[in-house]
Amino acid sequence: MADFIKVANTTDLPPGQAIVVEISGRPIAVFNVDGQFYALDNTCMHRGGPLGEGFVDRNNLTVQCPWHGWLYSLATGASPIDPMAKVETFEVKVEEGAVKISLE
């Protein structure tokens, strides 16, 4: 069974917002898209841009890196621009108003 770490309360992360948390020295971007939470590596594969500061497309469930526009799926971490580019995603669950992620 995966270990989950609390990273925020749902009230800290309203719909349409993102935060960046650090777990074991890793920056992880956590997004709330209309009540659905996603977590992925905060570092763009292109030039290391901060994905947690990127533009989220709610319809396509993607985040666009604010530095050079690379896109990543919030659900899979895969880039629709370059199939070889993929950032790591993390399982997210919400329990009693706590947003938790697993690094496993």
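The values are calculated or read from the model by the stated rules, or taken from the named source; none is laboratory data. Owing to the predicted nature of the structure, the values given are computational and were not obtained by experimental measurement. When we count neighbours, we look across all protein chains shown, and the Cβ atoms used for this are built from the backbone with ideal geometry, even at glycine.
Overview of values
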quantity: Tally of residues being without any contact (Cβ under 8 Å) to a residue 40 or more places away in the chain, more than 19 Å from ALA78 (Cα to Cα) and either aliphatic (A, V, I, L, M) or assigned to a strand (DSSP E or B) (or both) across region 22-50; calculated: 1
quantity: Any hit, region 3-19, residues being under 17 Å from GLU88 (Cα atoms) and either touching a Phe, Trp or Tyr at 6+ places or on another chain (Cβ under 6 Å) or without any contact (Cβ under 8 Å) to a residue 40 or more places away in the chain (or both); calculated: yes
quantity: Residue selected from region 66-87 under the condition small (Gly, Ala, Ser) and assigned to a loop (DSSP other than H, G, I, E, B), by the criterion farthest from ASP34 (Cα to Cα); calculated: ALA85
quantity: Subset of region 75-94 [touching a residue at least 12 places away in the same chain (Cβ under 8 Å) and either loosely packed, with under 12 Cβ neighbours inside 10 Å or of a type in the set (Ser, Thr, Tyr) (or both)]; calculated: THR76, SER79, THR89
quantity: Within region 23-33, tally of residues that are modelled with pLDDT of 95 or more and either over 14 Å from VAL99 (Cβ atoms) or of a type in the set (D, E, K, R) (or both); calculated: 1
quantity: Which listed residue, of VAL94, VAL63, is part of a strand (DSSP E or B), within 20 Å of THR11 (Cα to Cα) and among the β-branched types (Val, Ile, Thr); calculated: VAL94
quantity: Within region 33-49, considering residues that are over 9 Å from the mean Cα position of the chain (by Cα) and within 23 Å of GLU95 (Cα to Cα), the one surrounded by the most Cβ atoms within 10 Å (Cβ to Cβ); calculated: VAL33
